[in-house]
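All remarks here apply to the structure that follows.
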Amino acid sequence: MCGRFTLTVGPDMLAKRFEPDGTIAWEPSYNVAPTQDVIAVVNDGEQNRIGQMSWGLIPSWAKDESMRHNMINARLETADQKPSYKKLLAKRRCLIVADSFYEWMKIDGQKQPVRIYSPDQELFTFAGLWDRWQTEAGEKVTCTILTKEANDDMAEIHHRMPVMLRADQEQEWINFAQQDASDMKDWLYTQKDLPLTYDVVSTYVNNPKHNDPSCIDPVNL
């Protein structure tokens, strides 16, 4: 699964990477947690758009927000079958921008957080789904991260991992013309995974209120 991640760059780096129209509002975060805002990219059929969404999907038909904590992740294996995800997989795909994510692995019998990232330490994106939820107070745009079985790089850490995309894969994922859920699921399975490495980090990151550079500092056990 993916329950915590980082996006430690500022608006200038995001603008350089995604070349948006207009400005991007973002403060670097070392501990992005569910229900917080994330940076996401969508395509509206004419151009890419980048902005903030709230992490934890609330389907458009939901009566309240209660299910969102259980919908921070969506299993790729069944996303084209589940009512909450099938239409989104066809028409509401997004890129969720990150530069690392956290997972917890057993080390000497204890759960220890590790920070997982690309060896080149560049930005990458999670394959995501999004939806609009209308409330009396207004509209809320929310998202979820697709996950799959862990690859060889991740297997020793956790049995699941987020679906991650390289820069040259991103446009196809949000291509508005592609609107078949099963085709997009199959396409993801054909894509080569990013290489990954990791550092053991402090349990300081366990508390989502902690959000500063010390969250990502490697520790020696």
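The values are calculated or read from the model by the stated rules, or taken from the named source; none is laboratory data. Here the structure is a predicted model, which means the values were calculated and not measured. Cβ coordinates were reconstructed from backbone atoms using ideal geometry, including for glycine residues, and neighbour counts include every protein chain displayed. With ligands, DNA and RNA removed, areas are computed over all heavy atoms of the protein, side chains included. Shrake-Rupley method; radii C 1.70, N 1.55, O 1.52, S 1.80 Å.
Rounded to the nearest 20 debye, the dipole magnitude of region 95-163 is 240 debye, with +1 charges on Lys and Arg beta carbons, -1 on Asp and Glu beta carbons, and the Cα centre as origin. Each principal axis of the Cα atoms in region 99-150 has its own extent, and those three values, largest first, are 50, 29, 21 angstrom.
Both radii are taken from the alpha-carbon atoms of the chain; with Rh as the Kirkwood radius, Rg/Rh is 0.95.
For region 1-69 versus region 178-221, the spacing of their alpha-carbon centroids is 15 Å.
Put E149, E46 in order of accessible area, highest first, and with a 1.4 Å probe you get E46, E149.
Note down the relative contact order for the chain as a percent, whole number, built from C-alpha pairs under 8 angstrom at least six residues apart. About 23 percent, as a whole number.
When Rg and the Kirkwood radius Rh are both evaluated on Cα atoms of region 1-131, their ratio Rg/Rh stands at 0.98. The lysines whose alpha-carbon is closer than 22 Å to the alpha-carbon of K86, local same-chain residues fewer than 8 away aside, are K63, K140, K148, K185. Which aspartates and glutamates have a Cα less than 20 Å from the Cα of K106, not counting those fewer than 8 places away in the same chain? Candidates past the 8-residue exclusion: E149, D152, D153, E156, D199, D217.
Amide H to amide H distances under 5 Å link R4 with Y102, where only residues 5 or more positions off or on other chains count and H is placed in the peptide plane. Along region 102-117 the Karplus relation, 6.51 cos²θ - 1.76 cosθ + 1.60 evaluated at θ = phi - 60°, assigns HN-Hα couplings of 9, 9, 10, 10, 7, 10, 6, x, 10, 7, 10, x, 10, 9, 10, 7 Hz to successive residues, with x for each Gly and Pro.
Hey, got the dipole for region 1-91? About the Cα centre, +1 on K and R Cβ, -1 on D and E Cβ, debye to the nearest 20? For this selection, approximately 400 debye. Need one word for region 1-59: rounded, prolate or oblate. Basis is the Cα gyration tensor (sqrt eigenvalues a ≥ b ≥ c); a/c below 1.5 gives rounded, then a/b vs b/c decides. Because a/c hits 1.5 or more and a/b fails to exceed b/c, region 1-59 counts as oblate. Here region 93-182 is treated as a sphere whose radius is the Kirkwood value from Cα pairs; by Stokes-Einstein at 37 °C and 0.692 mPa s it diffuses with a coefficient of 216 µm²/s.
3J(HN,Hα) along region 67-84: 7, 5, 5, 8, 10, 6, 10, 10, 6, 4, 4, 10, 4, 7, 10, 7, x, 5 Hz, from the Karplus curve 6.51 cos²θ - 1.76 cosθ + 1.60 with θ = phi - 60°, whole Hz, x for Gly and Pro. Taken one residue at a time, the phi angles of region 19-29 give Karplus couplings (6.51, -1.76, 1.60, θ = phi - 60°) of 6, x, 7, x, 8, 10, 8, 6, 9, x, 10 Hz. Gly and Pro are set to x.
Among 99-107, 120-128, 79-87, 179-187, sorting by the average number of other beta carbon atoms lying within 10 angstrom of each residue, highest first, gives 120-128, 99-107, 79-87, 179-187.
Beta bridges assigned by DSSP with both partners in region 14-171 are antiparallel in approximately 90 percent of cases.
For the chain, the longest principal axis of the alpha carbon atoms and the long axis of helix 181-190 meet at an angle near 30°. Heavy atoms of the protein chains alone define the surface here; on that basis the chain has 51 Å² accessible area per residue at 1.4 Å probe size. Grouping the Cα pair distances of region 151-221 into 5 Å bins from zero gives a pair-distance distribution of 3, 12, 16, 16, 16, 12, 12, 9, 3, 0 percent in increasing distance order. Relative contact order for region 14-108: 24 percent, from Cα pairs under 8 Å spaced at least 6 residues apart, divided by residue count.
Computed about its Cα centre, the charge dipole of the chain is approximately 720 debye, with only Lys, Arg, Asp and Glu carrying charge at their Cβ.
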